[in-house]
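Okay, so here's the structure we're looking at.
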Amino acid sequence: MTRTSLRRRVVSGAVVSLCAASVVLALIPLGLILFFTLRQGLPALNLAFFTRMPKPVGEAGGGMANAIAGTAILVGLAAGFAVPIGIVAGIHLAEYRKTRLASAVRFAADVLNGVPSIVVGLFAYTAAVLPFNRFSAIAGGLALGIMMLPIIVRTTEELLNLVPETLRDGALALGATRARAVFTVILPAALPGIISGILVALARVAGETAPLLFTSFNNRFWSTRLDRPIASLTVQVYSYAISPYDDWNRQAWAGATVLIGAILLFSLLARAMTRRLEGMHRP
Amino acid sequence: MPEVRIATGLRPRAPGPSAAPPGTASAALVPHVADEPMVRIEQLSLHYGQKPALRGITMSIPKNRVTAFIGPSGCGKTTLLRCLNRMNDLVEGVRITGRIVIGGRDIHDPSMDVTGLRKHVGMVFQKSNPFPKSIYDNVAYGPRIVGARSRSDLDATVERSLRAAALWDEVSDRVHESALRLSGGQQQRLCIARAIAVEPDVLLMDEPCSALDPIATAKIEELMEELKSRYTIVVVTHNMQQAARVSDHTGFLLLGELVEFGETATIFTTPRDRRTEDYITGRFG
């Protein structure tokens, strides 16, 4: 009796410590990334970084105002492409689960989700850069939008499927058409979760560099024109990080810090939205 | 053809205003001579794929009365209820034969608009299913489908429906709060308010009290008694005491067959069919 109990306690203790060790191990890379980025980036970060334009090589100071604005514009364009299409496609998948079109779309979304980002960039280059002979914000937004699309489609579908069937029955029993039930009851019930899915997708594409390298390219000047090359934080960080100048390297660390901060903020927002959804469905 | 025995006998309750002299109605379809039928079901059969769920059901449900369907789990009582507002249309592989006539119209007629039918035949579900919206928006959902837009009309409809569902006094100061904050019993009464906001002719209730405590159940039962003066109520219940308390007529279903249908008092005191008696006395089910 005591021996079994002792053995159980030892095994249990070992398993619990193994679990704890795995968690710590999994968190180490994140901790290291945050530590090094913040250590190098925070000292280089100041108000000028957000408000000033890049300075020429050799001149100290300056900021990445154009790149921050550029990333915001690119992500906005991407959301503009991907959110309407993604939500409508997600509704289709949730409403017509078993049709051949639905399984084809679902499969396509999953494949698209696995396509390397550089390939998505190449596609956007062929589709939106070559025909106009010009790098443009629109091409960059298109590339990011394509990357967002599968995430939004599948999140929308899954969250709509989570809405209890009894709500749909309730709406239909009151004489609502199927479309009305979807748009006035089912979609609103799932909306906080869908918005949080969109935020997660935005956070993911905001950190993409590869699809932008030959679509939106880069721009050393302030530009908000959608048909011209535009700066972005990620590409700016990339080019500053590989440059031989200490000053630019420092700026790259600061840029990385801002990126991580923005993505963290988006993720927190997404979590808050999810909590709200769960709160609404609590009995 | 299944055997449908009809229980006749003296009505224990006061006859309705449309009382006809005994013996005038055709015995097969209208067993309750005192009552005007609201719903007539003729030879209704339903199959899920190859599996029969309802077999040749013929009955007529009287107007402004509470009619209860009882029977063991899986006997088809909920399926039968859901036929009345064609909610079974949503289920894949369902095949229906026979006729259902509500208020003089065949509900399977090709010219029948299903959403229109559901405005005349409201439904309350087993589990309360308020929309994640405010109390007000829940009740106003049906009227808005019909096209009600004026704020004052909607206000009046919401108040009238909540009063009719005996919920107004409890929520009048917070109709714009989320319906999900109400208690289970209040949510179910909200669903009743939502169903009657469009003034249906028939109110279907699918085990409306099965998830409620005895006090909330008593409130709903009381409500059914009040509502039957304006609506024809059809209720599915697992609970035989409930059927005995609230209903005027009771139908006993077994394996998709309507074994016996008649006055509740008769069914519960002198059933004609042995199977009814066995079920009611608790020998099975």
Would you check which residues across the range A:150-165 are surrounded by fewer than 19 Cβ atoms within 10 Å (Cβ to Cβ) and within 13 Å of chain B (Cβ to nearest Cβ) and list them?
A:Leu162, A:Pro164, A:Glu165
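Applying the selection to the range B:98-115, what residues are within 13 Å of chain A (Cβ to nearest Cβ) and in a loop (DSSP other than H, G, I, E, B)? Even if it seems obvious, please write down each step before you answer.
Initial filter on the range B:98-115 (within 13 Å of chain A (Cβ to nearest Cβ)): B:112-115.
Answer for the range B:98-115, where residues must be within 13 Å of chain A (Cβ to nearest Cβ) and in a loop (DSSP other than H, G, I, E, B): B:Met112, B:Asp113.
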Which one of A:Ala89, A:Ala108, A:Ala82, A:Ala102 is over 22 Å from A:Ala190 (Cα atoms) and either in a helix (DSSP H, G or I) or among the polar types (S, T, N, Q) (or both)?
A:Ala108
Exactly one condition in (1) among the hydroxyl-bearing types (Ser, Thr, Tyr); (2) assigned to a loop (DSSP other than H, G, I, E, B); (3) within 14 Å of chain A (Cβ to nearest Cβ) is not met by B:Thr157; state its number.
(2)
Can you name the condition, by its number, that B:Ile61 falls short on among (1) part of a helix (DSSP H, G or I); (2) modelled with pLDDT of 90 or more?
(1)
Would you check if there is a residue in the range A:261-280 being of a type in the set (Lys, Arg), within 14 Å of another protein chain (Cβ to nearest Cβ) and farther than 17 Å from A:Met64 by Cα?
yes
Which residue pairs have Cβ atoms closer than 6 Å, lie 6 or more positions apart in sequence or on different chains, and pair a first residue in the range A:50-79 that is free of Cβ contacts under 8 Å to residues at least 24 places away in the same chain and among the basic types (Lys, Arg) with a second residue that is surrounded by 14 or more Cβ atoms within 10 Å (Cβ to Cβ) and part of a helix (DSSP H, G or I)?
A:Arg52/A:Ala65
Of everything in the range B:74-108, what is within 21 Å of B:Gln50 (Cβ to Cβ) and among the polar types (S, T, N, Q)? Give them in sequence order.
B:Thr78, B:Thr79, B:Asn88, B:Thr97
How many residues are polar (S, T, N, Q) and at positive phi if we restrict to the range B:120-149?
0
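Could you tell me whether B:Ser210 is at pLDDT 90 or above and surrounded by fewer than 21 Cβ atoms within 10 Å (Cβ to Cβ)?
Values: at pLDDT 90 or above: no; surrounded by fewer than 21 Cβ atoms within 10 Å (Cβ to Cβ): yes.
No: the conditions fail for B:Ser210.
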Residue that is more than 20 Å from B:Val175 (Cα to Cα) and within 9 Å of chain A (Cβ to nearest Cβ), where the choices are B:Arg95, B:Arg118, B:Arg86:
B:Arg118
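Taking the range A:166-213, which residues are of a type in the set (A, V, I, L, M), within 12 Å of chain B (Cβ to nearest Cβ), under 25 Å from the mean Cα position of the chain (by Cα) and surrounded by fewer than 24 Cβ atoms within 10 Å (Cβ to Cβ)?
Filtering the range A:166-213 down to residues of a type in the set (A, V, I, L, M) leaves A:167, A:171-174, A:176, A:179, A:181-182, A:185-187, A:189-191, A:194-195, A:198-203, A:205-206, A:210, A:212-213.
Applying the additional criterion that residues be within 12 Å of chain B (Cβ to nearest Cβ) yields A:167, A:171-174, A:176, A:179, A:181, A:185-187, A:189-191.
Among the residues that remain, those that are also under 25 Å from the mean Cα position of the chain (by Cα) are: A:186-187, A:189-191.
A:Leu187, A:Ala189, A:Leu191 - these are the residues of the range A:166-213 that are of a type in the set (A, V, I, L, M), within 12 Å of chain B (Cβ to nearest Cβ), under 25 Å from the mean Cα position of the chain (by Cα) and surrounded by fewer than 24 Cβ atoms within 10 Å (Cβ to Cβ).
Being in a helix (DSSP H, G or I), touching a residue at least 12 places away in the same chain (Cβ under 8 Å) and not aliphatic (A, V, I, L, M): is that true of A:Pro188 here?
Details: in a helix (DSSP H, G or I): yes; touching a residue at least 12 places away in the same chain (Cβ under 8 Å): no; not aliphatic (A, V, I, L, M): yes.
Spelling it out, it is not the case that A:Pro188 is in a helix (DSSP H, G or I), touching a residue at least 12 places away in the same chain (Cβ under 8 Å) and not aliphatic (A, V, I, L, M).
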Take the conditions of a type in the set (Ser, Thr, Tyr), closer than 29 Å to A:Val163 by Cβ and more than 12 Å from chain A (Cβ to nearest Cβ) and apply them to B:Tyr141. Does it pass?
no
Give the range B:121-138 a look and list any residue that's assigned to a loop (DSSP other than H, G, I, E, B), more than 17 Å from A:Thr184 (Cα to Cα) and facing chain A (nearest Cβ under 8 Å), or say none.
B:Phe125, B:Lys127
Cβ-Cβ under 8 Å pairs, at least 6 apart or on other chains, the range B:165-181 side in a helix (DSSP H, G or I), far side at pLDDT below 90:
B:Leu180/A:Met280; B:Leu180/A:His281; B:Leu180/A:Arg282; B:Leu180/A:Pro283
With the structure loaded, tell me whether B:Arg86 is surrounded by 15 or more Cβ atoms within 10 Å (Cβ to Cβ), charged (D, E, K, R), in contact with a helix residue (DSSP H, G or I) (Cβ under 6 Å, 6 or more places away or on another chain) and under 17 Å from A:Leu172 (Cβ atoms) or whether it fails that test.
yes
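The values are calculated or read from the model by the stated rules, or taken from the named source; none is laboratory data. Quantities reported herein were computed from a predicted structural model and do not represent experimental measurements. Here Cβ is always computed from backbone atoms with ideal geometry, including for glycine, and neighbour counts include all displayed protein chains.
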